[in-house]
1. Would you be able to say whether some residue in the range B:331-351 is over 21 Å from B:Ala221 (Cα atoms) and outside any loop (DSSP other than H, G, I, E, B)?
2. Any chance the range A:48-62 includes a residue that's away from chain B (no Cβ under 14 Å), of a type outside the set (D, E, K, R) and assigned to a helix (DSSP H, G or I)?
3. Being in contact (Cβ under 8 Å) with a residue 40 or more places away in the chain and over 29 Å from B:Gly372 (Cα atoms) is true for just one of B:Ala358, B:Ala283, B:Ala291. Which residue is that?
4. Quick one: which residue in A:Ala276, A:Ala256 is at pLDDT 95 or above, surrounded by fewer than 17 Cβ atoms within 10 Å (Cβ to Cβ), farther than 30 Å from A:Asp57 by Cβ and among the aliphatic types (A, V, I, L, M)?
5. With respect to A:Val121, determine if the residue is surrounded by 24 or more Cβ atoms within 10 Å (Cβ to Cβ), touching a residue at least 24 places away in the same chain (Cβ under 8 Å) and either away from every other protein chain (no Cβ under 14 Å) or within 24 Å of A:Leu255 (Cα to Cα) (or both).
6. Quick test for you: out of A:Trp278, A:Trp260, pick the one residue that is within 14 Å of chain B (Cβ to nearest Cβ) and under 25 Å from A:Ala132 (Cα atoms).
7. Hey, could you check the range A:164-179 for residues that are aromatic (Phe, Trp, Tyr) and more than 17 Å from A:Leu258 (Cβ to Cβ) and say which is surrounded by the fewest Cβ atoms within 10 Å (Cβ to Cβ)?
Amino acid sequence: MRESPVWAVVALPFALALLVYAAAALDAVLAGGGFRDPLYEGVRLLVQQRRRTLAPDRLLTRIGVVALPLAAVLGAVVVPLGGRAVADLTVGVVWFNAMEVVVWGAVWLAGWGANSAYGLVGGYRFVAQGLAYELPHMFALITAALGAGSLRVDEIAHAQGGLWFAVWMPVAFAVYLLSAVAMAFWGPLGHPAGNDLAGGAAVELTGPDRLVFLAGRYLLLVVAAAMAVPLFLGGDGGPLLPGWLWTLLKTGAVLAVLVWSRQWLPALRMDRFMTAAWTVLIPATLLQMLVVGIVVLD
Amino acid sequence: MGVREVLARYAAARPRPFVVAAADGTRARLAVEAELRRRGWRAAASPAETGLVVVCGEPGAELAEAVEVVWRDVPGPRARVDLPGGTSPEDVARALDGAVERLADLDAQRSDAQARAAAGFWTPESADEHEGMGHGHAEMGDEHGGMGNGQAGMGHGHGGHDMGGHAHHMGAPAGLAMAERADDRDGLRLDVLHVPLGPVLNAWPAGLRVDLSLQGDVVQAADVTVVERGGGGSFWGGRPVARRLDSVGRLAEVAGWPAAARRAAELRDAVLDGRSPGLDAFARWIGRSWALRWMTRGVGTVTPELAGRYGLPEGDVAARLDGWLAQIDGRAVPRDEPSGAALAVLPELLDGVELGEARLIVASLDPDLSGGADA
């Protein structure tokens, strides 16, 4: 692990908070609201009382609710948001992947703990979703790592001096974007928190619990978008502007696409999507990896 | 103003209303939805999410009781707005403004919270004693959850516990009976949850309740009950295109496509105003969605045999949606469809489907109970 400057640690929370607010505001505007809505909603949830269901498992619910943003922030430490990552681990890609899997447990616990049938079904939906997207997601990550010959996020970013990985690994990039919305159970892959379950895994979360959970979901979306930049979009590389600004701009662009995907597609149910994930996405990502492997060996 | 007042104002500025419609509340519901859209307020999907319950129309006894159960558990600060039928847009706007005032009224909210704290937390026993709500049923807890407030099937949530109450009695948690068990479709012995859908549920036909027996999220049996009817003529009589837009909007909502649902509601209100902008484009947009087709094809199929028995058109959810879109953009003659056949066929269509599919099937049949019983 390389030493990171102190300012990277200070800058990270600010960058994350800014992007989370931007994502929530964009979603509100797309849904016909105003850009200040996340502020109002945040205050509303802060002052809202908690309600409880009969015989809930409060400890597990809290663990689930808190683990969601925690996993996102821990995943963010390997992402060079301001040019340098807080912790540029030699196995950064694996660390990111591990933190993202923590989310499975978090969502399931939050859904299970309320002792509500809808929450429980929502939690299980996310576990099923994990089974569908995780393997293609891992292959997409590994493909980028293979292209750079390193699991260090910084080295992957700087291996794309000539050509962005998004250009010559389009399948891996597309699958990565899909798994980004899947891990944040957002939009087309938001069935675990779907409207047909009145909110699914989040159905019984009230007040600050709901605020932390929803903020955690936006954080996941932000971190997934930010990770796409070093993996596939050339990191902080770009003409004229300073590197940190390029990183922020690229992250913002990916984030906007992810947020907007909710407007574009209905929810994909796992009883259908699972088949496509295993019969189309996994072979496609494996093929992509083979191509990249051959090119790298050359 | 102190910090508390400022925060209370901020918190009340953008409520997330939970809208409940009685069978005769269609007109009021449309007025509320239009006003929410105008204000940029987003509706809540569950009572836990909201602080503002908006009741459209005049609920009958059973629905009123369900609303009362939901209301009792709405987290504070909270306000409730009742809009009996035939409400003008001005009345709706005034009522919502009044609700914002009440939400920001710290003294009123504090005394409300104190009264609730004094009344104590709901349990099946207290419900039996105080409310007489019929919680003496074998599956306790169902009534409470039955209002679609997301607490459905409380006490049955412990799906994985292998206690069964047989060999080693561990005692009923929180005074609730454990779920009974039965063989599922693969011959596994699984817990059976009794989860009612409706009559208070987001994106749900007013006046309908469907009692499900679930194993996991698979429906083992469904029992359809008409909780109430509007009486008199249906609101949608003579407005078939607007009705179809309303149905498509609800289906889109259930299918997790809020953008399409919002557009459908806008067009519905425009059509009711005597305008019809962009109906073709809308029908094309929805009809061309490969994802929606992929998710609705083969779901809730009315087979030729069922079609003959109940006098319904054949086809799955995707086909029914296509039929509506054709009526919307004028490719087919708009018609009022009776809801009796849809209600009759529902139990058979729901048997063996996943919960998400069940919601789609109900939305794709969209029985209209706003009028009296149809022939």
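1. No, the conditions are met nowhere in the range B:331-351.
2. The first filter runs over the range A:48-62 and keeps only residues away from chain B (no Cβ under 14 Å), leaving A:59, A:62.
In the following step, the residues that additionally are of a type outside the set (D, E, K, R) were identified as A:59.
With assigned to a helix (DSSP H, G or I) added as a condition, the list becomes A:59.
Yes, the range A:48-62 contains a residue that is away from chain B (no Cβ under 14 Å), of a type outside the set (D, E, K, R) and assigned to a helix (DSSP H, G or I).
3. B:Ala283
4. One residue alone meets the criteria, A:Ala256.
5. Criteria not met by A:Val121.
6. On the way: A:Trp278 fails: within 14 Å of chain B (Cβ to nearest Cβ).
Exactly one of A:Trp278, A:Trp260 is within 14 Å of chain B (Cβ to nearest Cβ) and under 25 Å from A:Ala132 (Cα atoms), namely A:Trp260.
7. Going through the range A:164-179, the residues aromatic (Phe, Trp, Tyr) turn out to be A:164-165, A:168, A:173, A:176.
Cutting the leftovers down to more than 17 Å from A:Leu258 (Cβ to Cβ) gives us A:164-165, A:168.
Values: A:Trp164: 18, A:Phe165: 25, A:Trp168: 16.
Ranking the candidates gives A:Trp168 first.
Residue-by-condition table, conditions (1) touching a helix residue (DSSP H, G or I) at 6+ places or on another chain (Cβ under 9 Å); (2) at pLDDT 95 or above; (3) surrounded by 24 or more Cβ atoms within 10 Å (Cβ to Cβ); (4) on the phi > 0 side of the Ramachandran plot:
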| site | (1), (2), (3), (4) |
| --- | --- |
| A:Leu219 | yes, yes, yes, no |
| A:Pro230 | yes, no, yes, no |
| A:Gly237 | yes, no, no, no |
| A:Trp244 | yes, no, no, no |
| A:Thr247 | yes, no, yes, no |
| A:Lys250 | yes, no, no, no |
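The values are calculated or read from the model by the stated rules, or taken from the named source; none is laboratory data. Note that the structure is a prediction, hence the values are computed from the model and not measured. A quick note on method: Cβ atoms are made from the backbone with ideal geometry, for glycine too, and the neighbour counts reach across all protein chains shown.
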